[in-house]
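Q: Quick one: the structure is below, questions incoming.
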Amino acid sequence: MEYLHTMIRVSDLDESLDFFCGKLGLVEVARTEVEAGRFTLVFLAAPGDEERAREHKAPTVELTYNWDPEQYSGGRNFGHLAYRVDDIYATCERLRSAGVTINRPPRDGHMAFIRSPDGISIELLQKGESLPPQEPWASMENTGTW
């Protein structure tokens with residue numbers, strides 16, 4: 001398993017970049033604007049992690065800016081922790097066998113979500129290319145929120 005990023009939602013991207021980069025000293029290593037989804041993702045790394053973050057896309061803080069205004073309350077601005085795993089199907093099966101609910105199954109062979117006992121969302125991402133769809137995951141519905 002490999003730590004990837006922590007995602008937080010921000011209400012003002014410029015203000016957040018001023019804080020995280022201008023004041024705290026993090027460095028922007030990647031940015032993606034998704035017009036269809038109306039959001040921008042900005043990945044930041046600590047200066048000591050910059051080279052690794054650019055090469056491996058980890059470890060970073062992901063700022064998610066939704067273009068349509070939204071009020072965040074109750075921790076909604078905190079998104080998730082993300083980990084890269086060697087085999088997403090084996091990882092999800094091991095977790096499911098241990099009693100963990102797979103909130104968003106890895107139908108695509110690439111991504112799944114679970115929650116900690118305190119409700120913290122955790123994203124699991126397949127290392128490398130997505131695995132071919134596999135049952136029971138391919139037809140499994142989402143459970144709860146993720």
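The values are calculated or read from the model by the stated rules, or taken from the named source; none is laboratory data. Everything numeric here is computed off the predicted structure, so don't read it as measured data. Every residue, glycine among them, receives a Cβ derived from its backbone with ideal geometry; neighbour counts consider all protein chains shown. These accessible areas exclude ligands, DNA and RNA; they are computed on the full protein's heavy atoms, side chains included. Shrake-Rupley method; radii C 1.70, N 1.55, O 1.52, S 1.80 Å.
Q: Report the residue count in the stretch 114-130 for those that are in a strand (DSSP E or B) and either out of contact with any strand residue (DSSP E or B) (no Cβ under 9 Å at 6 or more places or on another chain) or open to solvent by 60 Å² or more (accessible area, probe 1.4 Å) (or both).
A: Quick first cut of the stretch 114-130, residues in a strand (DSSP E or B) only: 114-115, 121-126.
Right, trim to either out of contact with any strand residue (DSSP E or B) (no Cβ under 9 Å at 6 or more places or on another chain) or open to solvent by 60 Å² or more (accessible area, probe 1.4 Å) (or both) and you get 115.
Residues flagged as in a strand (DSSP E or B) and either out of contact with any strand residue (DSSP E or B) (no Cβ under 9 Å at 6 or more places or on another chain) or open to solvent by 60 Å² or more (accessible area, probe 1.4 Å) (or both) within the stretch 114-130 amount to 1.
Q: Would you point out which residue out of 140, 111 is in contact (Cβ under 8 Å) with a residue 12 or more places away in the chain and over 20 Å from the mean Cα position of the chain (by Cα)? Spell out how you get there, then give the answer.
A: Values: 111 fails: over 20 Å from the mean Cα position of the chain (by Cα).
Step by step, each of 140, 111 is checked, and only 140 is in contact (Cβ under 8 Å) with a residue 12 or more places away in the chain and over 20 Å from the mean Cα position of the chain (by Cα).
Yes or no, residue by residue, for (1) aliphatic (A, V, I, L, M); (2) open to solvent by less than 80 Å² (accessible area, probe 1.4 Å); (3) farther than 30 Å from residue 94 by Cβ:
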position	(1), (2), (3)
6	no, yes, no
13	yes, yes, yes
19	no, no, yes
29	yes, yes, yes
38	no, no, yes
44	yes, yes, yes
49	no, yes, no
57	no, no, no
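Q: Which count do you get for residues in the stretch 71-113 that are of a type in the set (Val, Ile, Thr) and open to solvent by 40 Å² or more (accessible area, probe 1.4 Å)? Steps first, answer last, please.
A: The initial filter retains those residues of the stretch 71-113 that are of a type in the set (Val, Ile, Thr), namely 85, 88, 91, 100-102.
Next cut, open to solvent by 40 Å² or more (accessible area, probe 1.4 Å) only: 100-101.
The number of residues fulfilling the criteria is 2.
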